Amino acid sequence: MPFKTNPKIAVVGLGYVGLPLAVALARHFSVLGFDIDSKRIKDLKNGFDRTNEIEPEILKTTTLHTTDNSAELTHHDIYIITVPTPVTKDNLPDLEPLKKASETVGKALSKGAIVVYESTVYPGVTEDFCGPVLETHSGLKAGHDFYLGYSPERINPGDKEHTVERITKVVSGQTPRVAKELEKVYGKLNDGNIFVAKNIKTAEAAKVIENAQRDINIAFINEIATIVGKLGLSIYDVLDAANTKWNFLPFQPGLVGGHCIGVDPYYLAQCARQLEHEPEVILAGRRTNEQMGQHIATEIHQELQKMKVSNAKILVLGVTFKEDIPDLRNTKVVDVIQGLKSYGHYIDIHDPFADANEADIHLNLKLLPNFDHANEYDCIVGAVSHHPYLQFSQDTFKQLLREKGLIADIKNMWRNSTLPEGARYWSL
């Protein structure tokens, strides 16, 4: 099976994972970036990335060619599929995006090509689910006419340090030669910092446990936060002391959303159940983290009751799933908002990074465009530690908060800030 020294590459899916990968690969290879979202393609051609992962100057100078025309996918040597792998409303793996992407690539596939998946899945999906879809739509045989590979994505949205060029990349192939080829291709991005997994299922398993591990660790801290809170203690004071031990793991409490940590454990749980094993620890962590939004809403409501405030006017600061990015996928701030509304409180929401139209369409949330008419709130909820919120001064709080109002600091942003005299402060 001969491989080309300078393969033509197509990246399918140009979101938070696919776009940075495609731009990086385009520095070394001829790369086509494909996405079914025509508006996304138009924006990229105009130098605009709504995910804020790639700067406009880079988009305007990259050799990456982007398209929404699937006919352009033919005659490529390597296809890299980076589409989302969400869960259903019942928290079961939703492989439909993966299926549709595989159908599209299958129709373009020719003999000798390699199809690599970066989407997070449970062990077996690449070979047992995606492979047959590719075969059906190409008329070719996996492992004979074309070959499968898996290289799990490790993109952390908004993280400018751990980029695809600076991290260890795991690769795996259907055969040792495929793995070797992918090692060479991906190695161009990061000076050969590649780990070749034993096989595809091993690489799939390695990826899915990474985020499950983080989920469980955060769940432990969230449970401890609940316990020490009932003792009248701050979890952050407790962590300050505990973190002085050399091997204490520095996890923080809070809301666990986003497309990875809050989703991937369900893929692992599905795999376990197919093997007739009930994943007790994995799902216990999920249950703890899933209820955190309502727990926080209840704590804030109880603080307002102590102040004898009903039907409070509340300003929620931040709605994205993490700081300084526009990503609203699976944000658990929504759970806090819904919880507060269920107690009869009135909510305004501000976020300097989120797209107002996207928040309206997908979350049914209206965002304040600015703070021009924002004042006299009974409570300010610091839900996401966006950089602009970290800069809040005493005067900013005075502008927004009524006298002796409540500052609910979910993210521990203002623990050491000078707050208005008489203001009540609550945190986990």
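Readers should treat all values here as calculations from the given coordinates under stated rules, not as data from a laboratory. The shown structure was predicted, so the numbers you read here are calculated from the model rather than taken from an experiment. With ideal geometry, Cβ positions are generated from the backbone for all residues, glycine too; neighbour counts draw on all protein chains shown.
Numbers at a glance
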item: Label selected from (i) 24, 51, 23, 2; (ii) 23, 56, 20, 0; (iii) 16, 25, 20, 17, 12, 6, 2, 1, 0, the criterion being P(r) over Cα pairs in 20 Å bins from 0, in percent as computed here; result: (i)
item: Peptide ranges 103-109, 232-238 listed from the most packed, as the mean C-beta count within 10 angstrom indicates; result: 103-109, 232-238
item: For the chain, calculated [θ]222 nm from helices alone, where every DSSP H run of n ≥ 4 adds -39500 (n - 2.57); result: -11000 deg cm²/dmol
item: Charge tally in the Cβ shell below 15 Å around residue 365, where Lys, Arg are +1 and Asp, Glu are -1, residue 365 excluded; result: -3
item: Amide H partners (placed H, <5 Å) of residue 146, local residues excluded; result: 112, 141
item: Relative exposure of 371, 34, 129, judged by other C-beta atoms within 10 Å (fewest first); result: 371, 129, 34
item: Eligible lysines near residue 306 by straight Cα distance, threshold 27 Å, same-chain separation 8 or greater; result: 230, 332, 341, 398, 404, 411
item: Gaussian network model of the chain, Cα within-10 Å springs - most flexible of 158, 131, 229; result: 229
item: GNM flexibility winner over the chain from 38, 151, 102 (Cα, springs under 10 Å); result: 38
item: Beta bridge orientation in the chain: antiparallel %, DSSP, nearest 5; result: 5
item: Cα-only Debye scattering, the stretch 13-102: base-10 log of I(q)/I(0) at q = 0.23 Å⁻¹; result: -1.20
item: Percent RCO, i.e. relative contact order, over the stretch 208-289, from Cα pairs under 8 Å lying at least 6 residues apart; result: 48
item: Distance histogram in 10 Å bins (all Cα pairs of the stretch 208-289, percent per bin); result: 18, 43, 28, 10, 1
item: Per-peptide average of other Cβ atoms within 10 Å, ordering 17-26, 71-80 highest first; result: 17-26, 71-80
item: Proximal charge balance of residue 313 [Cβ under 9 Å; K/R count +1, D/E count -1]; result: -2
item: Added length on full extension, which subtracts the Cα-Cα distance from 0.36 nm per residue, residue 341 to residue 362; result: 5.7 nm
item: DSSP-loop trypsin sites (Lys or Arg not before Pro) across the stretch 302-355, with at most 16 other Cβ within 10 angstrom; result: 308
item: Reachable lysines from residue 141, criterion Cα separation under 26 angstrom, eight or more residues apart if same chain; result: 4, 8, 99, 100, 107, 111, 180, 184, 198, 201
item: The stretch 292-427 - Rg (one decimal) and Dmax (whole number), Cα, Å; result: 13.6, 39
item: Geometric extent, Cα atoms of the stretch 55-169 - Rg, Dmax (angstrom); result: 15.5, 43
item: Principal semi-axes in Å for the stretch 8-205 [√(5λ), Cα gyration tensor, largest first]; result: 24, 19, 18
item: Highest average packing first - 44-50, 273-279, 119-125, Cβ atoms within 10 Å; result: 119-125, 44-50, 273-279
item: C-alpha long axis of helix 264-274 to longest principal axis of the chain, angle in °; result: 60
item: Relative contact order (%) - the chain, alpha-carbon pairs under 8 angstrom, separation at least six; result: 10
